[in-house]
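Colleague: Take a look at this one; I'll ask things after.
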């Protein structure tokens, strides 16, 4: 396995890094101010300006897989996503933010030409945003076969009823389309063929955002996470993705790339937290010497660097395997990095907060970064589910020896 960055990737790294330094990090205070002013759910004008600049510089849709119209492999995209992940506003200007990238990949892989025309094209152009409606408040959604929301066919229409939550992006007024997962055949003996996925336009009668779900007090406006009710929502049967009973299959295909993208961004968050930790401790004196010379601080800085490098290497391995042997064969590596990266980021950010003292819990970057990393120990499958999968695969190696 060769993880060395090609010349093309190095050039893109330099361009993305320069864009981050010149346009995004400097814009963070103004972005926060624009969101806070007036209606928090009104998208800030500054984001549209940043998107326009990224388009002009050719740094647009870098996530798009080479197998489906893009120019980069997963391995090539990884270091770029890491750079974007250093800012909470870093991915959207490049049209590389969740859940849009996952939904666009679903439409690229499984959408009909009509579906792609209606929804994929405006998503690729950054004209609209989307959401993914899978998790439910009434069941343990870590087991996707528990999903209870119903998709019933009535003639040439599907009628949808249920309640979803943690539907990220649903509160955003730019959100125009939902990818909805529900049970279309609850009596099927194969529990993995009971579910289907359908496309539900956000303005369809019966779709209602019930409440915003904050993460440790952060509402993530204007994107946000919502609980959404679906009451006798009707869509044409042409809105089905891939076919009835294929929902679980699509979910597995969607969540693999989505999980590794989250891990890439988390490495960027951890890198920025470590940098802030080093700068802070070098500039503060306690008990007669700089905090950076206290052995406990040096131990934490060293452990942070070690664990970040471990996470990066495992992420690159997972990306390499996805490119070379496919997502299914890379499932152990994807599961491992989905456990390792959020836990690593939580620890590194926590050390950075501690190094800042009281300032750490009010620092606008560190506090939000910790909330993001902690959420990602649950989102896209909790740690426990991924650990169980790794363990099962490990036992399978020894079952017939």
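Colleague: Let me spell it out: the conditions are (1) modelled with pLDDT of 95 or more; (2) part of a helix (DSSP H, G or I); (3) in contact with a helix residue (DSSP H, G or I) (Cβ under 9 Å, 6 or more places away or on another chain), and residue 302 meets all of them except one. Which number is the exception?
Modeller: Residue 302 satisfies all of (1) modelled with pLDDT of 95 or more; (2) part of a helix (DSSP H, G or I); (3) in contact with a helix residue (DSSP H, G or I) (Cβ under 9 Å, 6 or more places away or on another chain) except (3).
Colleague: Given the criterion surrounded by 20 or more Cβ atoms within 10 Å (Cβ to Cβ), at pLDDT 95 or above, in contact with a strand residue (DSSP E or B) (Cβ under 7 Å, 6 or more places away or on another chain) and not assigned by TED's automatic domain parsing to the domain that holds residue 43, identify the matching residue among 204, 135.
Modeller: Numbers: 204 fails: surrounded by 20 or more Cβ atoms within 10 Å (Cβ to Cβ).
Every option except 135 fails the conditions.
Colleague: Looking at 59, 50, which one is in a loop (DSSP other than H, G, I, E, B) and free of Cβ contacts under 8 Å to residues at least 60 places away in the same chain?
Modeller: 59
Colleague: If you scan the stretch 145-157, which residues turn out to be touching a strand residue (DSSP E or B) at 6+ places or on another chain (Cβ under 7 Å) and either in a loop (DSSP other than H, G, I, E, B) or surrounded by 20 or more Cβ atoms within 10 Å (Cβ to Cβ) (or both)?
Modeller: 147, 148, 149, 151, 156
Colleague: Would you check which residues across the stretch 102-126 are within 20 Å of the chain's Cα centre (by Cα), buried (at least 18 other Cβ atoms within 10 Å of the Cβ) and not in a helix (DSSP H, G or I) and list them?
Modeller: 126, the sole residue that qualifies.
Colleague: Take residue 275 and decide whether it is surrounded by fewer than 21 Cβ atoms within 10 Å (Cβ to Cβ), farther than 27 Å from residue 147 by Cα and under 21 Å from the mean Cα position of the chain (by Cα).
Modeller: no
So that you can scan it fast, the table gives a plain yes or no per residue for (1) surrounded by fewer than 21 Cβ atoms within 10 Å (Cβ to Cβ); (2) over 23 Å from the mean Cα position of the chain (by Cα):
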| position | (1), (2) |
| --- | --- |
| 244 | yes, yes |
| 252 | yes, no |
| 267 | no, no |
| 270 | no, no |
| 279 | yes, yes |
| 282 | yes, yes |
| 285 | yes, yes |
| 296 | yes, yes |
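Colleague: Give the stretch 322-353 a look and list any residue that's in contact (Cβ under 8 Å) with a residue 12 or more places away in the chain and over 20 Å from the mean Cα position of the chain (by Cα), or say none.
Modeller: 350, 351, 352, 353
Colleague: Next question. Evaluate the following for residue 35: is it crowded, with 18+ Cβ neighbours inside 10 Å, over 20 Å from the mean Cα position of the chain (by Cα) and in contact (Cβ under 8 Å) with a residue 40 or more places away in the chain?
Modeller: Spelling it out, residue 35 is indeed crowded, with 18+ Cβ neighbours inside 10 Å, over 20 Å from the mean Cα position of the chain (by Cα) and in contact (Cβ under 8 Å) with a residue 40 or more places away in the chain.
Colleague: Please specify each residue of the stretch 163-191 satisfying the condition of being touching a helix residue (DSSP H, G or I) at 6+ places or on another chain (Cβ under 8 Å) and closer than 25 Å to residue 377 by Cβ.
Modeller: As a first pass, look at the stretch 163-191 and keep what is touching a helix residue (DSSP H, G or I) at 6+ places or on another chain (Cβ under 8 Å): 169, 176-177, 179, 181-182, 184-185, 191.
If the condition is that a residue be touching a helix residue (DSSP H, G or I) at 6+ places or on another chain (Cβ under 8 Å) and closer than 25 Å to residue 377 by Cβ, then 169, 179, 181 are the ones that fit.
Colleague: Is there any pair with a first residue in the stretch 363-392 that is assigned by TED's automatic domain parsing to the domain that holds residue 333 and a second that is surrounded by fewer than 18 Cβ atoms within 10 Å (Cβ to Cβ) and in a loop (DSSP other than H, G, I, E, B) whose Cβ atoms are under 7 Å apart and which are 6 or more apart or on different chains, and what are they?
Modeller: Partner pairs satisfying both residue conditions: 371/216; 381/142; 382/142; 385/142.
Colleague: From the residues in the stretch 63-85 that are crowded, with 23+ Cβ neighbours inside 10 Å and part of a loop (DSSP other than H, G, I, E, B), which one is farthest from the chain's Cα centre (by Cα)?
Modeller: Once the filter is applied, the top-ranked residue is 63.
The values are calculated or read from the model by the stated rules, or taken from the named source; none is laboratory data. The structure displayed is predicted, hence computed values, not measured ones. Counting neighbours? That spans all protein chains shown, and the Cβs are built from the backbone with ideal geometry, glycine included.
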